[in-house]
Amino acid sequence: MITVAEAEQIVLAEKRDYGTETVTLEQSNGRVLAEAIFADRDFPPYDRITMDGIAIAYKIFEQRLRKFRVKGTQAAGDKPIEITTTEECVEVMTGASLPVSVDTVIRYEDVTIENGLATVNIDNIRQGQNIHRKGSDKTEGTLLVKEGKMITPALINTAASVGKSELLVKKLPKVIVISNGDELVAVDEMPAPYQVRRSNSHAIAAILQQHGIVADMVHLPDDEAVIKNKLENLLQQYDIIILSGGVSMGKYDYLPKVFDELHVEKKFHKVKQRPGKPFWFGTSDNGKIVFAFPGNPVSAFMCMHRYFIPWLHASLSIETKPPVYAVLKEDYTFSPELQYFLQVKIHSEADGRLMAVPAEGNGSGDFINLLDTEAFMELPEKQTNFKQGEAYRIWPYKQIVL
């Protein structure tokens, strides 16, 4: 049995590159950028007016002139209107391009306009005010976004601004999610008193969907021959196989034996952790990867976030972010010498610290407890008592509302 750190290292060593593909800008949200994006022009591309008002030549204002004849009105997108004498001004709207003959914008709130004459009502005017200068954000040719970034609405905003109607993104692996066991029935069936509905595979598929992967799903019975035949075919069709159940020590846990017969090399089986101790991981001769998680719902849920998602990020070359830590709000005790993934509720204190309140539920079968928690807190093995105020790494599985 290996440690969590050893399991993580083995899993990450099997990262894959599935290549790239081009998608439309509208299809790119949530994907991983596989190209760099550069500024195709200055940002902003012209001296941009930031307040509705009038534009004047400041030098005449310095000479105490306070009344200006309005030459015209210029909206955003209009060709600039140039003044011909310094005693003129132009009414300008936010977003418009500053005419070269003026250099200062005075907002409407500080002027009175009557009969084509604009009167400035204040003396506190700075030359160049209310103007966003050309190239002050970025200059043409500047790197705006590095490859390996997750595409977000903000990134799409930037891509659209430089004329990128399509983006090169990392290809996603083709994934099949498999549940197995005769005690499991379909969601729309009424289970017998000794059966339960299949929920694990749907939860795993939903996690994958959050990361852009639309997985197929299949259920296998407790029949060794059927399992072997089906897995042999699936190993040819899919890049990744994710299973829940069938890897423990029970009489009907056929998967380890079947994997061996199908020449899927076992990289490890069993990790010093709770939940998720029976976790099995391996690779096939043709480079396919198998994540075989325990059948207990919380175990599979935790393993997806602790192992599969980091593997996916590594395979997609997503920019690595620093770990997130939280502080225990109260003392906690855990006896077995295993790395423990404690379910916690997360909130923020006034001093900015993330605080974790233990909410362990009733074991790895209590998946309903996941509804009221936000993260797993990873507590180190060979330690029994965890004190209030100590900080440990957390693995969020829900957006933390601060």
Residue set LEU155, LEU168, LEU184, LEU235; condition aliphatic (A, V, I, L, M), touching a helix residue (DSSP H, G or I) at 6+ places or on another chain (Cβ under 9 Å) and on the phi < 0 side of the Ramachandran plot; output residue LEU184
Query raised in the report: Within segment 168-181, is even one residue part of a loop (DSSP other than H, G, I, E, B), at pLDDT below 95 and not hydroxyl-bearing (Ser, Thr, Tyr)?
Result: yes
Next on the checklist: So for segment 221-233 (the condition being out of contact with any Ser or Thr (no Cβ under 8 Å at 6 or more places or on another chain), surrounded by fewer than 17 Cβ atoms within 10 Å (Cβ to Cβ) and under 24 Å from ILE10 (Cα atoms)), does at least one residue qualify?
Outcome noted: yes
Wholly inside segment 250-310, strands (runs of 3 or more DSSP E) that include 3 or more residues that are touching a Lys or Arg at 6+ places or on another chain (Cβ under 9 Å), assigned by TED's automatic domain parsing to the domain that holds ILE204 and of a type outside the set (Gly, Ala, Ser) are 280-283
TODO: Please verify whether segment 265-286 includes one or more residues that are within 30 Å of PHE334 (Cβ to Cβ) and either over 33 Å from the mean Cα position of the chain (by Cα) or among the small types (Gly, Ala, Ser) (or both).
DONE: yes
Of the residues in segment 174-220, those that are more than 29 Å from the chain's Cα centre (by Cα), touching a residue at least 40 places away in the same chain (Cβ under 8 Å) and exposed (fewer than 14 other Cβ atoms within 10 Å of the Cβ) come to ASP182
When every residue in segment 311-331 that is at pLDDT 95 or above and touching a helix residue (DSSP H, G or I) at 6+ places or on another chain (Cβ under 8 Å) is compared, the one surrounded by the most Cβ atoms within 10 Å (Cβ to Cβ) is TRP311
Self-check item: Check on TYR340, of a type in the set (Phe, Trp, Tyr), assigned by TED's automatic domain parsing to the domain that holds GLY212 and either buried (at least 18 other Cβ atoms within 10 Å of the Cβ) or in a strand (DSSP E or B) (or both)
Solution: no
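Residue-wise test of (1) in contact (Cβ under 8 Å) with a residue 40 or more places away in the chain; (2) surrounded by 13 or more Cβ atoms within 10 Å (Cβ to Cβ); (3) part of a loop (DSSP other than H, G, I, E, B).
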site: ILE113; (1), (2), (3): yes, yes, no
site: ILE122; (1), (2), (3): no, no, yes
site: ILE125; (1), (2), (3): yes, yes, yes
site: GLY135; (1), (2), (3): yes, yes, yes
site: LEU144; (1), (2), (3): yes, yes, no
site: GLU147; (1), (2), (3): yes, yes, yes
site: LEU155; (1), (2), (3): yes, yes, no
site: THR158; (1), (2), (3): yes, yes, no
site: GLY163; (1), (2), (3): yes, no, yes
Filtering segment 63-98 for residues that are surrounded by fewer than 20 Cβ atoms within 10 Å (Cβ to Cβ), under 17 Å from VAL111 (Cβ atoms) and charged (D, E, K, R) leaves a count of 5
Among SER284, SER364, the single one that is at pLDDT 90 or above and crowded, with 17+ Cβ neighbours inside 10 Å is SER284
Counting only residues that are in contact (Cβ under 8 Å) with a residue 40 or more places away in the chain and either among the hydroxyl-bearing types (Ser, Thr, Tyr) or in the same structural domain as LYS277 (by TED's automatic domain parsing) (or both), segment 344-392 contains a total of 4
Over segment 368-402, the set of residues part of a strand (DSSP E or B) and β-branched (Val, Ile, Thr) is ILE394
If we take segment 1-97, then strands (runs of 3 or more DSSP E) inside it with 2 or more residues that are more than 30 Å from ASN130 (Cβ to Cβ) are 20-24
### Message
One residue is enough: does segment 39-53 have a residue meeting the conditions crowded, with 16+ Cβ neighbours inside 10 Å, more than 23 Å from LYS138 (Cα to Cα) and out of contact with any His (no Cβ under 7 Å at 6 or more places or on another chain)?
### Response
yes
By residue number, the members of segment 95-118 that are of a type outside the set (A, V, I, L, M, F, W, C) and over 24 Å from ASP47 (Cα atoms) are THR112, GLU114, ASN115, GLY116
Restricting segment 176-214 to residues that are in contact with a Leu (Cβ under 6 Å, 6 or more places away or on another chain) and β-branched (Val, Ile, Thr), the one farthest from LEU235 (Cα to Cα) turns out to be ILE213
Considering residues that are surrounded by 13 or more Cβ atoms within 10 Å (Cβ to Cβ) and free of Cβ contacts under 8 Å to residues at least 12 places away in the same chain, the number found within segment 6-26 is 0
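The values are calculated or read from the model by the stated rules, or taken from the named source; none is laboratory data. On a predicted model such as this, the values are computed, not experimentally measured, just so you know. All Cβ positions, glycine included, derive from the backbone under ideal geometry; neighbour counts span all protein chains shown.
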